[in-house]
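Below: the structure, in C-alpha cells.
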Amino acid sequence: MTAKRPQPPTAPLAVRYFFYIVALALLVLPLIAWLENALPFYQAGGNLGFLLLQLPARLFALIGFVLMFFQFILGTRLPLWEKVVARAQNLKRHRTIGKIGFFLILLHGLMILIHDYISAGQLLFDTWRIVGIIALVLLIVAVIAAWFFRPLKLSRKAWRTIHLPAYVVFPLGFFHARALGTELATSPALDIQLLILFGIYCVILVYRIYVTLREKFASS
Ligand code: HEM
C-alpha cells in the first residue's frame, strides 16, 4: 500500500491567524495568573530561594505544560489541523517547541528539588512530587528518543515505542499540577483552561489509538 501524500493546507489565512491568537492566549493566561501571585512577593522581597527558584519554577511549569499540549496538536497527524498548517511545518515546529517545553519542564523540576533541599534541608518525596519525578523521567526518555533517533539509527518502530511515554507525561503532569499548583489553586480561569486542554488531549489520544488499531488491522 502506498503512503498517503500530505495535502496542502486549504483553510483560509484568517483561520490560521485565529489559531495563532488562541495559542497566544493559552500562553498569556498562565502568565497573568502567575504575575498576580508572584509580583507581590517580588515587591516585598525576602527569601531568595523562594524568589529565584520556587516562583520561576512555577512559571516554567505552566508555560512548559501548555507547550506540551501544542506538541500533541503538532505531532499527531490530525487531518483537520493539517488543513490549517502543512504537515512539514507542523513537524518542524513540533521539534522546536519540544525543545523549549522540555527545558522549561526540566528546569521546573530541578529548581523545585533544589528549593526543597535548601528550605527543608532534604529532598521531599510526597506522592505528587513523585508523580512529577516519574513524569520528568518519562519525558527525558521520550526526548532522548527524539533527539538521538538518527545518530542511534533507531528503527521507526523502536523510536515510536521510546517516544510513546510522551503521551503519559501529559496526564501525569496534569494531575500533579492540580494537586500541587498554587496558580491552579488560586486562578479558576487557569484551572478551566487546563481542564479544557486535558479534555482535548483525551480526544486526540482516543483518535490516535483508533488510527493505530485501524492501520494494524489493515496491514494484517
Ligand atoms: C522532578 C520533577 C518535579 C517536581 C519535584 C515537581 C514539583 C512541583 C511542585 C512542588 C509544584 C507546586 C509548586 C507550587 O505551586 O508551590 C509543582 C507544580 C507544577 N508542576 Fe511540577 N514537579 C516536577 C515535574 C513536573 C512535570 C514533569 C510537569 C509537567 C509535565 C510538571 C508540571 C507542573 C505544573 C503545571 C505545576 C503547576 C504550577 C502552578 O500552578 O503554580 N511538574 N511541581
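Please treat every number below as a calculation from the coordinates, not as lab data. Just so it is clear, the model here is predicted, and its values are computed rather than measured. Cβ sites come from the backbone with ideal geometry, for glycine too, and all protein chains shown count toward neighbours.
Considered as a group, the residues in region 17-30 that are surrounded by fewer than 16 Cβ atoms within 10 Å (Cβ to Cβ) and under 16 Å from residue 60 (Cβ atoms) include one that is farthest from the chain's Cα centre (by Cα), and that residue is 28.
Given the condition crowded, with 20+ Cβ neighbours inside 10 Å and either more than 8 Å from the ligand (Cβ to nearest atom) or assigned to a helix (DSSP H, G or I) (or both), answer yes or no: does some residue in region 40-54 qualify? Within region 40-54 (the criterion being crowded, with 20+ Cβ neighbours inside 10 Å and either more than 8 Å from the ligand (Cβ to nearest atom) or assigned to a helix (DSSP H, G or I) (or both)), the answer is yes, since at least one residue qualifies. From the list 195, 213, the lone residue that is surrounded by fewer than 17 Cβ atoms within 10 Å (Cβ to Cβ) and more than 13 Å from the ligand (Cβ to nearest atom) is 213. Taking residue 59, is it farther than 22 Å from residue 167 by Cβ, away from the ligand (no atom under 11 Å from the Cβ) and part of a helix (DSSP H, G or I)? When the stated conditions are applied, residue 59 does not pass them. Looking at region 107-123 only, could you name the residues that are within 8 Å of the ligand (Cβ to nearest atom) and among the aliphatic types (A, V, I, L, M)? Across region 107-123, the qualifying residues are 110, 112, 113.
The listed residues are 125, 148, and the only one of them that is touching a Leu at 6+ places or on another chain (Cβ under 8 Å), farther than 19 Å from residue 198 by Cα and free of Cβ contacts under 8 Å to residues at least 12 places away in the same chain turns out to be 148.
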